[in-house]
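Presented below is the structure to which this report refers.
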Amino acid sequence: MACRVQHSMQNSLWFLSSSRFYSTIQSQNVRSKNPKYFCKKLLSSSSFSKGVRHCSATASYTDANINHSNAESFVLTTPLYYVNAPPHMGSAYTTIAADAIARFQRLLRKKVIFITGTDEHGEKIAGAAAANGSSPREHCDSVSQAYKLLWRDLDIAYDKFIRTTDSKHEALVKEFYSKVLANGDIYRADYEGLYCVNCEEYKDEKELLENNCCPMHLKPCVRRKEDNYFFALSKYQKRLEDTLTENPDFVQPSFRLNEVQGWIKSGLRDFSISRASVDWGIAVPNDDKQTIYVWFDALLGYISALLDDKEKPNLQTAISSGWPASLHLIGKDILRFHAVYWPAMLMSAGLSLPKMVFGHGFLTKDGLKMGKSLGNTLEPTDLVHRFGSDAVRYFFLKEVEFGSDGDYSEDRFINIINAHLANTIGNLLNRTLGLLKKNCQSTLATDSAIAAEGNALKDTVEKLAEKARKHYENLELSSACEAVLEIGNAGNVYIDGQAPWSLFKQGGSAFETAAKDLVIVLEALRIIAIALSPITPSLCLRIYTQLGYSEDQFNAVTWNDTKWGGLKCGQVMAQPNPVFGRIELETEAKNAGDSTNKASKKMNKTPKTQKAVEA
Ligand code: MSP
């Protein structure tokens, strides 16, 4: 970073001639550290009495300045992704959302453990490996690595990455299976039914389309007859019903609760938890002719992930490191596994239930769920390389209502990113810094608190930051973005109304007003840089460093720093340098012989690589 420009107070005095400014310098304090926020919803767990270790994050997250000794815990998970094919934008979506939530919870100074990973066993994976001509192990290593690389490219700062082929995970699955068996909930029986390999699930014939096609994957299910071990799900019907009645927030968004209650009410059938025909899996304890069904294996990853590699791999140790999870983030297609099967399995093993399961909607392309099985995916690596991680994160979190489905279109993507990130935020910063450089040697003339006395913009910004906080807490990520964007809009309206460029020319008190106006707008941008950092972390770091702070200072901010008054008199800003370049459309006429009018109708639009400038 090229902007370690925060001058000492004394160094800044030369620039100010007015005695009023001088006195504000003398009265300024060091940035205060703040009391913690307490989050009212179910997400704020009070039941973690055991100390949850904070794990070192990969990617960009650093927690050097956090004292976690009495902080509340927040453990959240993404699904563990199947490695039958490389990640696509649908799988990236859950992880981007989880990362934004984890970053927000860290701003609240919670002890966050953000878990992700890969689901590597089963027929579907073995089939994909064979089709590639590789062994299942080699195949899993390579696709699991592709997920890790994508998470790095997308600025995903997870704390734990679990692979279901990790030996610690296998040990835990076997221990869990034995507990459920000891509780009398596993029995052996024959089963015959229609199986969807892509769902890795026996299907109820009533749910199927013509030719016994799975409604999700549009591929025919196959008839199977197997001698399997079964989990006695039906025994848990009443307890599950009661749990949902007592904790209606367990399933989110609330409109998905009815669906889950409906499934339970219609009668729960025991499900088979082993496969006789699948080798690539964890052997059933005491019967190595069968392997454990992928879901009875993978769900345990949420617990085994909590183990450190050096620890003895047992349930007790893992549980004491952070179970129960505060939040499972999943797509709506796997709600039944998380809101019905998983709680019943945990009940059987005598373990606590997670606090919340949030089922988001699908990203669609031409109205169909984007997915590996249908082959209609959007390449996230390609999007990141063309537009940058901030643009990708922002678009999907802002433009898809979290919980509902959302469609992708490149035109909309470019328009939104240019309007919101390049114009409303990036350009506001750039032009304000340009004016400050020209007229005030890039140095703030007064404290932001003093500059904003009696100014309505301060109240507006504080209210919007508070609104964003509430939305983040309620997992309303799009509305959180909207609230922050409104701060940018208010800043633009303010600067345009005040026209400091003319005031500077007038000199005297008009000059002072203009200098104050710039401080006010820059303080609003400082607040934006914190409040939007869960969504666009790299962009926000660039904004913060342009405001004269170091990267360490950025990493140490808390949500409480969104209170007005952070920027102080004498702070020196970096040289104006666009923090977010517009995505340009290169337009080329398809046919050189076309007339101008005709040609403009047939434009081939190729977006240029985004040129975000690192400050
Ligand atoms: N392996 C299981 C999860 C086991 S969790 C213990 C699995 N894997 S998956 O790779 O098929 O899907 C992982 C997640 O990606 C799911 O939450 C799924 O909803 C999500 N998505 C897959 N395609 C999607 C879209 N097109 N849109 C949004 N999310 C979608 O299921």
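The values are calculated or read from the model by the stated rules, or taken from the named source; none is laboratory data. This is a predicted model, so every value here is computed, not measured. All Cβ positions, even for glycine, are placed from backbone atoms using ideal geometry, and neighbour counts span all protein chains on display. Heads up: the accessible areas ignore ligands, DNA and RNA and are worked out on the full protein's heavy atoms, side chains in. Shrake-Rupley method; radii C 1.70, N 1.55, O 1.52, S 1.80 Å.
Within region 429-467, the set of residues being surrounded by 23 or more Cβ atoms within 10 Å (Cβ to Cβ) and touching a Leu at 6+ places or on another chain (Cβ under 8 Å) comprises 429, 432, 433, 436, 444, 445, 447, 448.
State yes or no: is residue 299 over 19 Å from residue 163 (Cα atoms) and either in contact (Cβ under 8 Å) with a residue 12 or more places away in the chain or open to solvent by 70 Å² or more (accessible area, probe 1.4 Å) (or both)? Criteria not met by residue 299. For residue 120, which of the numbered conditions (1) under 19 Å from the mean Cα position of the chain (by Cα); (2) within 12 Å of residue 81 (Cβ to Cβ) fails to hold? So the condition that residue 120 fails would be (1). The residues listed here are 146, 102; of these, the one that is at pLDDT 95 or above and open to solvent by less than 10 Å² (accessible area, probe 1.4 Å) is 102. Among all positions in region 79-87, there is at least one residue which is open to solvent by less than 10 Å² (accessible area, probe 1.4 Å), within 10 Å of the ligand (Cβ to nearest atom) and in contact with a Phe, Trp or Tyr (Cβ under 8 Å, 6 or more places away or on another chain). Counting only residues that are under 20 Å from the mean Cα position of the chain (by Cα) and either among the aliphatic types (A, V, I, L, M) or within 15 Å of the ligand (Cβ to nearest atom) (or both), region 325-346 holds 11 of them. Per the conditions (1) over 23 Å from residue 126 (Cα atoms); (2) modelled with pLDDT of 95 or more, the sole criterion not satisfied by residue 270 is (2). Summed over region 367-406, residues that are within 15 Å of the ligand (Cβ to nearest atom) and free of Cβ contacts under 8 Å to residues at least 40 places away in the same chain total 4. Of everything listed in (1) open to solvent by 10 Å² or more (accessible area, probe 1.4 Å); (2) free of Cβ contacts under 8 Å to residues at least 40 places away in the same chain; (3) within 22 Å of the chain's Cα centre (by Cα), the single unmet condition for residue 420 is (2).
Against the condition acidic (Asp, Glu) and at pLDDT below 95, how does residue 63 come out, does it pass? When the stated conditions are applied, residue 63 passes them. Annotation note: of 331, 281, 267, the sole residue that is of a type in the set (Gly, Ala, Ser) and surrounded by fewer than 18 Cβ atoms within 10 Å (Cβ to Cβ) is 267.
In the set (1) at pLDDT 95 or above; (2) outside any helix (DSSP H, G or I), residue 85 fails one condition alone, (1). Among the candidates 194, 181, the residue that is of a type outside the set (Gly, Ala, Ser) and closer than 30 Å to residue 316 by Cα is uniquely 181.
Looking at 126, 146, 130, just one residue is in a helix (DSSP H, G or I), free of Cβ contacts under 8 Å to residues at least 12 places away in the same chain and of a type in the set (A, V, I, L, M, F, W, C), and that residue is 130. Closer than 20 Å to residue 568 by Cβ and not in a helix (DSSP H, G or I): is that true of residue 453 in this structure? Considered against the rule, which asks whether it is closer than 20 Å to residue 568 by Cβ and not in a helix (DSSP H, G or I), residue 453 comes out as yes.
Restricting to region 347-366, give me the number of residues that are closer than 15 Å to residue 241 by Cα and either within 13 Å of the ligand (Cβ to nearest atom) or open to solvent by 30 Å² or more (accessible area, probe 1.4 Å) (or both). Counting residues in region 347-366 that are closer than 15 Å to residue 241 by Cα and either within 13 Å of the ligand (Cβ to nearest atom) or open to solvent by 30 Å² or more (accessible area, probe 1.4 Å) (or both) gives 1.
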